[in-house]
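Trainee: Handing you a structure now.
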Amino acid sequence: MKIRLLTFLVLCFTSQFLYAGIISSPMPIVTPGTSTPGVTSSNTDTQNRAYAGLIWTLKDRTSWIPDLTFGFRSLRVKSSDSVNGGDISARIKLSNGIAVDSVALSYVGGKRELLGNVGAGYSFTNTSILGTVGLQGAYTRIGTDFQFANKQFIPYLELLTIDKPSNVRKTTTPGTLGPNTLSCPQPFTLMGTTCILAPPL
């Protein structure tokens, strides 16, 4: 009983001092909202490119007059730099008259910096089905064709107008931040954004 009476008297005096301007109201306590971190995930992009180039056949007697090559490349490029897709190309001979030499369809795979080519085609010049393998970097490709008719490897070097695949960035989902909350120390009560001391009953 004495404790309750003492508490009541303290509240009475405190409230009188507060209303008289002797005791100022405390600032509300700000509790930060709960935050959720952002999430990063892999991403994939389709890159289609048409290109042209010059190609030299690397034989015992390499001609300084190159052939022309025209092609189209379609790749699926991941944000991890992994690449896979396809390439179709045609080779045009310039020596001894202009004529279509061969066509080829290749699988393309590897990393952005270095791509492997494996495929098959047909040589009109030699009337032969051919296989082809190669390595491709930025603006260059080196490889060899194999003509099944005469069982002969024909290495080649190409200078192309096409660069390595473009970089693909990962997808980032931003995090969230919940609203801050306000509270007041006892025995004050929050009213709006202000701590007040309720008058004793």
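Trainee: Need one number: nm distance between label points at T181 and S79, each 7 Å from Cα along Cα→Cβ, rounded to one decimal.
Mentor: 3.4
Trainee: With a cap of 15 neighbouring Cβ atoms within 10 Å, and only residues DSSP puts in a loop, list the chymotrypsin sites (Phe, Trp or Tyr not before Pro) found in segment 120-201.
Mentor: Within segment 120-201, the qualifying chymotrypsin sites (Phe, Trp or Tyr not before Pro) (loop, at most 15 other Cβ atoms within 10 Å) are F124, Y139, F148.
Trainee: Would you please give the FRET efficiency between N43 and V118, computed as 1/(1 + (r/R0)^6) with r the Cβ-Cβ distance and R0 = 35 Å, to the nearest 0.05?
Mentor: The calculated FRET efficiency here is 0.85.
Trainee: Right, here's the next one. Hey, got a sec? Which trypsin sites (Lys or Arg not before Pro) in segment 104-152 land in a DSSP loop and have at most 11 other Cβ atoms within 10 Å?
Mentor: Sites meeting the loop and neighbour criteria: K151.
The numbers here are math on the coordinates, done by the rules we state, and not lab data. Here the structure is a predicted model, which means the values were calculated and not measured. Cβ sites come from the backbone with ideal geometry, for glycine too, and all protein chains shown count toward neighbours.
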